[in-house]
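Q: Once you've had a glance at the structure underneath, I'll fire off some questions.
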Amino acid sequence: MLALPLRHQLLAAAILITPTLTVQAAPPAIQECSTLRSCAAKFCHIENDIAAAQANGNTRREAGLRRALSEARDSCTDESLRKDRLQAIDERKEEVQEREEELAEARSKGKQDKITKAQRKLEEAQADLQDAEDALQR
């Protein structure tokens with residue numbers, strides 16, 4: 001067997017070890033999205049979700065979010081987003097109206113458990129409507 005000088009042995013060891021060393025990139029920083037509006041805010045939120053998936057090593061979620069971001073960038077316009085949000089508000093208003101009618105019916109029957117249940121459902125529908133109206137401002 002051939003004996004190598006120490007410096008050659010160290011160099012050979014360094015060459016063998018080097019490919020196994022990897023540099024971990026810092027996870028992407030989370031962006032502040034609250035000042036953005038419409039499609040820009042939507043993109044920002046998806047990008048933040050991608051960064052979180054990367055930080056957690058969730059490659060499948062990251063891939064799905066990257067597809068969602070690509071599709072959003074291809075199809076999102078501020079006007080289409082506004083139209084979708086207005087439609088959501090209309091649907092939530094209809095839901096609130098239905099829940100108000102159910103509450104009135106429960107009150108007419110006088111059963112407290114039905115009144116309580118109808119009241120809870122109305123409050124949930126009102127909260128959903130408020131969320132939809134808030135989304136219109138984003």
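Read-outs throughout are calculated quantities, based only on the coordinates presented, and are distinct from any laboratory measurement. Keep in mind that this is a model prediction, so the values were computed, not measured. Positions of Cβ are backbone-derived with ideal geometry, glycine not excepted, and every protein chain shown enters the neighbour counts.
Q: Could you tell me whether the range 31-76 comes out rounded, prolate or oblate from its Cα gyration tensor? Rule is a ≥ b ≥ c as square roots of the eigenvalues, rounded for a/c under 1.5, then prolate if a/b exceeds b/c, otherwise oblate.
A: Details: a/c = 4.78, a/b = 1.38, b/c = 3.47.
Oblate, since a/c reaches 1.5 and b/c is not below a/b.
Q: Collect residues whose amide H, placed 1.01 Å from N in the peptide plane, falls under 5 Å from the amide H of Asn58; neighbours closer than 5 in sequence don't count.
A: Residues meeting the criterion, in which the H sits 1.01 Å from N, do not exist here.
Q: Of the options Leu86, Ala125, Gln112, report the single residue whose Cα projects farthest towards the positive end of the charge dipole of the range 82-136 (beta-carbon charges: Lys, Arg +1; Asp, Glu -1).
A: Positive-end residue among those listed: Gln112.
Q: Would you work out which of Phe43, Gly64, Gln54 lies farthest towards the positive end of the dipole of the range 31-76? Charges go on Cβ: Lys and Arg +1, Asp and Glu -1.
A: After comparing all options, I get Gly64.
Q: Here's a follow-up. What are the ³J(HN,Hα) values, in whole Hz, obtained from phi via the Karplus relation 6.51 cos²θ - 1.76 cosθ + 1.60 with θ = phi - 60°, for each residue of the range 50-64 in sequence order, with x given for Gly and Pro?
A: These are the phi-based 3J(HN,Hα) values: 5, 4, 5, 5, 4, 4, 8, x, 8, 5, 5, 5, 4, 4, x Hz.
Q: Next question, about the same structure. For the range 82-136, just say rounded, prolate or oblate: build the C-alpha gyration tensor, square-root its eigenvalues into a ≥ b ≥ c, call rounded for a/c under 1.5, and beyond that prolate if a/b exceeds b/c, oblate if not.
A: It comes out prolate by the Cα gyration axes.
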